[in-house]
Each structure stands twice: as structure tokens, then as C-alpha cells.
Amino acid sequence: MDLVNISRPRYINKLDQVQGLGDAERQELQPVAEKFAFRTNDYYQSLIDWNDPDDPIRRIVMPDIQELDEFGEMDASDEHSYTVRKGLEHKYGDTALLLVNNVCGAYCRFCFRKRLFTDGNDEVTNDITDAVEYIAEHSEINNVLLSGGDPLIMSTGKLSKIIKQLRDIPHVRIIRIGTKMTAFDPYRIINDPSLLEMLSEYSLPDRKIFVMAHFNHPRELTEPALKGLQLLQKAGAITVNQSPLIRGVNDKPEIIAELFGRLSFNGVVPYYLFLCRPTSGNEPYMIPVEKGLEIFEEARRRLAGLAKQARLCMSHRTGKVEVVGKMNSKIVFRYHRAPNPLDCGRVMFFDSDPKAGWFDDYLASEAVNNLELEDQVQTVSA
């Protein structure tokens with residue numbers, strides 16, 4: 001297959017354009033697409049087995065009627081509280097998060113930042129002047145994560161201007177690009193030599209650019225996707241992967257093991273496996289915390305070496321909470337990251353609750369018996 005000469009995919013923004021849906025199903029799902037933005041493309045649609053109603057690729061991008069159930073909140077991790085400039089979050093001392101775009105190659109149905117794709121949202125900035133000024137003034141920031149939206153949906157020219165400004169700040173050692181374009185549209189990489197040239201220019205021996213890929217299922221690792229990853233690596237970018245654990249997509253140990261294994265074989269280190277955040281519309285995609293731990297540990301037992309480097313975490317309002325394990329009737333957590341660096345590494349024990357879907361469920365269930373611990377967690381939040 002001549003990958004280079006294949007044109008970019010055609011984007012699909014209306015259910016009427018999805019040939020795999022019947023009229024009745026399209027009509028049923030229309031209210032979901034109106035409430036939570038819908039977008040996909042013909043390349044990614046071609047990965048769907050439309051004869052399988054439970055196809056995992058379909059589940060990633062096609063609406064589910066259960067998304068209309070009352071559940072969660074739009075900013076489930078309270079990102080607003082850590083916003084210091086328009087489009088800039090500073091939750092952890094050495095890392096800043098810059099929202100540079102409010103469009104993706106496709107919209108994951110379980111997106112935790114779906115509020116950005118609603119009418120009237122203005123969190124993303126088109127002018128990063130204030131954000132760059134803030135980063136330059138805070139010498140403790142050595143990592144900047146570009147996110148949104150998807151930075152790689154932007155033109156290389158616009159992205160290059162952002163990266164150049166960050167590269168001009170001496171204390172910014174690492175620039176991370178969070179993207180699912182490696183899965184949604186690998187031709188964005190294959191057919192744009194200027195993107196690879198830009199990465200080669202700014203990914204330096206001691207100041208690397210990391211591409212944080214988002215592969216959720218092994219079937220996304222197509223020939224074009226793997227080619228795109230190879231080109232990014234050849235250009236000097238470090239490639240890692242993070243994924244949420246999603247019901248009906250990758251909630252089986254053999255699926256996670258295959259995903260992590262194939263990624264590692266292709267030079268992509270598994271970085272995080274996240275538990276799905278309780279964002280509005282996300283209830284049909286969530287997995288109980290302890291079930292997630294069971295899946296994660298069984299997958300790890302099937303892997304070796306770099307394939308088992310991922311951490312199972314929740315991006316909670318109080319920090320990045322790692323699910324460490326179970327001990328008799330207790331579930332064990334630790335703060336992998338926290339706004340207060342003194343809280344990093346703090347270990348927490350709670351009574352096991354197989355139905356709990358989020359850290360808040362454990363806090364609520366032990367509010368009476370464990371007041372001291374809850375006070376500690378509230379201190380972290382403050």
C-alpha cells in the first residue's frame with residue numbers, strides 16, 4: 001500500500017453522513033449528537049465492523065442513548081480551579097497544561113473535556129501571549145503539555161509558532177503534545193513532511209518533544225497508524241501512550257495486554273491507564289474502580305518489561321490518584337501527583353467497595369469513620 005499518496009480522510013459531523021446507521025437508529029441517536037458534539041471521519045469509520053453491534057471502535061465515536069441519562073458534571077476534575085490564565089492550567093508545580101484548540105479529529109464519546117465542544121465555551125485561547133508570559137515567569141515549570149482539543153488538528157504553521165515560543169523559555173525542558181490523531185487520522189502525520197521537520201528542529205537531545213498518543217484498542221494500530229508512529233520517532237519525538245479504561249471498548253485483560261504489548265513492540269511505552277472520569281454523559285462508559293484494578297493487574301500478568309510500565313490512575317480534583325492494589329478488605333491508593341508536592345506519594349487505605357466508580361465514592365463512604373483522612377484530602381484540594 002502506498003501510504004503517502006492516500007489523501008486525508010473526509011470528516012463527518014452529522015449522523016446522516018454515517019452509512020452504517022439505519023434510519024431508526026439514526027433518529028434515536030440524534031438527540032445525543034445534539035447534546036454532546038459528534039465528529040468522526042471516513043478513515044476511522046472504516047475500522048468499524050457494522051455487523052457487530054458491540055464493535056469497540058464504533059463505541060469510541062458513535063453516540064449511545066444512555067449518554068442522555070442524568071449523571072456527572074461537565075468539569076469532573078475541577079480544572080477551572082487550576083486555571084491561571086485563559087487556556088492555561090497549573091495544577092502541578094513543574095507542569096503546565098495549555099489548551100490550544102477546541103477541535104479534535106473525532107470526538108470520543110467518553111471525553112472528559114467535552115465541555116470545550118459546547119456552544120459558548122471560551123476556555124481555549126487563540127492567543128497564548130499571556131500563557132507564555134506566565135510560564136516564563138514561573139521557573140519551576142519544566143514541562144508544558146499542549147492539549148485541548150487536539151493540537152495536531154491545527155496546521156503545522158500554527159503549532160510550530162506555539163512550540164517555538166515555548167522553546168525560547170530556557171526552563172521548559174519538555175514539551176508534550178497530547179493527541180489522538182495518531183489513531184483518528186494517521187495521514188495527518190504521513191502526508192505532512194513539514195510536521196516532521198518541525199519536530200526534528202525542536203525535539204533536541206536534552207529538550208525533548210513527547211507525543212502522548214491515545215490508542216484505546218489494538219484495532220486502532222493499523223498499518224498507517226504504525227507508520228505514523230515510526231515517522232514521529234524518526235523525527236526525534238518520544239512516543240508514549242495513555243488511554244482510559246472504557247466499558248465495552250477495552251475492559252478485558254486480554255485487550256489491554258494486547259494493546260500494551262503491541263505498543264511496546266513498536267516503541268511506544270504505555271504511560272497511563274486512566275479510570276473514566278464521571279463527566280456528564282459518561283455513565284455508560286465507566287467501570288468500577290476495583291473491577292478496573294482487576295482488569296489492569298490481570299493484563300500486567302500477561303506482559304513483560306516496558307509493556308507493563310503504565311500506572312492505573314484517576315485524575316481527581318485533588319490530584320492524580322494511583323490505584324495501588326487491594327489488601328484483604330482494603331483498597332490502597334496513593335497520590336502519584338498532587339498540587340501540594342508534600343502530598344505526593346501519600347498512601348491511603350479505604351474499605352473495599354466493589355460498586356465505587358470514583359475516588360469520591362470512597363471519600364463519601366468513609367466520611368464518618370475516617371474523618372482525619374478526609375481532612376487530609378480536603379487540604380490537598382485547597
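Listing for the model above:
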{"quantity": "For the chain, the fraction of alpha-carbon pairs in successive 10 Å shells from zero, as %", "calculated": "5, 23, 33, 28, 10, 1, 0"}
{"quantity": "Taking segment 194-282 and dividing mean pair separation by its residue count, relative contact order in percent (alpha carbons under 8 Å, at least six apart)", "calculated": "31 percent"}
{"quantity": "Bridge type composition, the chain - antiparallel percent by DSSP, nearest 5", "calculated": "45 percent"}
{"quantity": "Antiparallel DSSP beta bridges within segment 236-323, percent to nearest 5", "calculated": "30 percent"}
{"quantity": "Mean projection area, nm², convex hull over Cα of segment 199-334", "calculated": "9.8 nm²"}
{"quantity": "Estimated inter-spin distance, ASP78 and ARG173, nm [label 7 Å along Cα→Cβ]", "calculated": "3.0 nm"}
{"quantity": "Mean Cβ count within 10 Å, highest first, over the residues of peptides 277-286, 114-123", "calculated": "277-286, 114-123"}
{"quantity": "Estimated FRET transfer efficiency when R0 is 45 angstrom, pair GLU28-ASN126 (beta carbons, to 0.05)", "calculated": "0.80"}
{"quantity": "Calculated FRET value between ASN340 and ASN51, using beta carbons and R₀ = 45 Å, to 0.05", "calculated": "0.30"}
{"quantity": "Cα-Cα P(r), segment 3-68, percent of pairs per 5 Å interval", "calculated": "3, 17, 28, 26, 15, 6, 3, 2, 0"}
{"quantity": "Relative contact order [Cα under 8 Å, 6+ residues apart], the chain, whole percent", "calculated": "14 percent"}
{"quantity": "Percent of beta bridges antiparallel (DSSP, segment 77-235, rounded to nearest 5)", "calculated": "30 percent"}
{"quantity": "Average silhouette area of segment 156-262, convex hull of alpha-carbon atoms, in square nanometres", "calculated": "7.2 nm²"}
{"quantity": "Filtered GluC sites (Glu not before Pro), segment 7-102: DSSP coil and at most 14 other beta carbons within 10 Å", "calculated": "GLU70"}
{"quantity": "Rounded D (µm²/s) - segment 96-179, Kirkwood Rh over Cα pairs, Stokes-Einstein at 20 °C, 1.002 mPa s", "calculated": "160 µm²/s"}
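Every number here is computed from the coordinates shown, using simple stated rules; none is lab data. On a predicted model such as this, the values are computed, not experimentally measured, just so you know. Quick reminder, even Gly has a Cβ in these numbers, built from the backbone with ideal geometry, and neighbours come from all protein chains shown.
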